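Quick notes on the structure that follows.
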Amino acid sequence: MAKIRVKQVKSSIKRPKNQKLTLEALGLRGIGQEVEHETTPSILGMINKVQHLVSTEEA
């Protein structure tokens, strides 16, 4: 499967709890942190939910 690199670019402060939990589930804990994930429908759904807080690129 393809991999996708996710980087947090905005803070989760003053965001709804479900968005904070989604960032945590993706493995992001702070601005500037990057993680790599397999491109699965569940991961893409989580990224879509917090797309305004993260940037993505193919790895």
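We did not get these values from a lab; they are worked out from the coordinates using the rules stated. Note that this is a predicted model, so its numbers are computed, not measured. For neighbour counting, all protein chains shown are included, and Cβ atoms are generated from backbone atoms with ideal geometry for every residue, glycine included.
Observations
- Within the option set Ala2, Ala25, being surrounded by 10 or more Cβ atoms within 10 Å (Cβ to Cβ) and out of contact with any strand residue (DSSP E or B) (no Cβ under 6 Å at 6 or more places or on another chain) holds for one residue only, Ala25.
- Considering each residue of the stretch 47-56 in turn, at least one proves to be touching a Lys or Arg at 6+ places or on another chain (Cβ under 8 Å), small (Gly, Ala, Ser) and either in contact (Cβ under 8 Å) with a residue 40 or more places away in the chain or exposed (fewer than 14 other Cβ atoms within 10 Å of the Cβ) (or both).
- If you filter the stretch 8-18 down to residues that are out of contact with any helix residue (DSSP H, G or I) (no Cβ under 6 Å at 6 or more places or on another chain) and surrounded by 15 or more Cβ atoms within 10 Å (Cβ to Cβ), you find that the one that is farthest from Gly45 (Cα to Cα) is Arg15.
- Residues in the stretch 1-31 that are under 15 Å from Thr56 (Cβ atoms) and touching a residue at least 40 places away in the same chain (Cβ under 8 Å): Ala2, Lys3, Ile4, Arg5, Val6, Lys7, Gln8, Val9, Lys10.
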